[in-house]
């Protein structure tokens, strides 16, 4: 099977590593890729968000399967164009990808499907924003934070969760001034969980739950980011959690999308809060999440190419049950100085070829050295016999990386290890 991966981040690097290990894969390419993916997959220049260009590359390269990594190409219709060119594609079409592209759309789907989620107020004007903040303050428990979201794609950084009404108002106004609608939501208490599911639009196969660390600094301080690290599985997760989410969230959502004539095929990502009132959906994504992909895929024993191809071709019901390795996985993101507001790029990196080091924002210089090219630069991963072992190895590998001014959290998975997370 010839597999073409679209994207240029650590998620795509993790996908390439897993696909390369699949004996069914006879050729592997990543477009446009980065300095890390170039070591395991053929690099091809392409505008990942250009449906015509991606479809042309898939055809010219004789791909048997295209795997679209990021959300922007999916919302732009890349998967539609690839399928129209006669090539199997893992990823939803543009209409179905609106489940991530518009949070308001996702709320409509959840309401119709009976999926438990936070109450929300769509906002299009300053007056509506003031009213929504008043209403959510009356609904929330005293002292609870306000949750204000950019309704469009914001690379995981369009959400502000703050008890400060003025800060919540300022974020909402900034989003409105940027031309995007806003969604104000009630606050959901309890720990958050990321659960991926592979689906062909009918059958749904959930993967292992993971937990992301969104805040930049230790102790969940600092600004929101695209993710500073993750771990899987979750030793504190309630028994039966995956089955419950499959029955109450994932399958009803896929069924509702099919009923609407907008079938969702690809990777449905449910961001969940395990609240005092039960499971609630925080958001849906239409693709593998980053950095959770970097800890889920290393634990998957089932060959990845066959699984994704079955989803892309509507044969997932015939796929064997998924198999998982014992132990745990941890990923620590090494970020550029100034991330997320104004990351400094162009700095040389050493140790980027170390074991378990996935490239997120890197490029190869003319002399063959690796330089930073984004805010999240590397994702350093490790698999261990348990969470403590995986953490130890991951941080040993982080110590082998050199990037001037780099920042990373030192507490990825620590609260779980110390038993400080509960439902």
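Bear in mind that the values in this text are calculations on the coordinates, not laboratory data. Just so it is clear, the model here is predicted, and its values are computed rather than measured. Every residue, glycine as well, gets a Cβ built from its backbone with ideal geometry; the counts of neighbours run over all protein chains shown.
One table, with the values for the structure above:
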quantity	calculated
Share of alpha-carbon pairs per 10 Å distance bin for the stretch 192-318, given as whole %	12, 42, 34, 10, 1
Least to most buried among 177, 262, 84, 100 (fewest other Cβ within 10 Å first)	177, 84, 262, 100
Listed residues 37, 111, 381, most fluctuating in the chain (Gaussian network, C-alpha, under 10 Å)	111
Cα-based convex hull, the stretch 328-416, per residue volume (Å³, whole number)	77 Å³
Residue order, fewest to most beta carbons within 10 Å, for 421, 349	421, 349
Fewest-first sequence of 220, 255 by Cβ atoms within 10 Å of each Cβ	220, 255
Amide N of the stretch 95-119 lying under 14 Å from the label point, which is placed 7 angstrom from the Cα of residue 277 along Cα→Cβ	115-119
Where N is the number of residues in the chain, Cα Rg divided by 2.2 N^0.38 Å	0.93
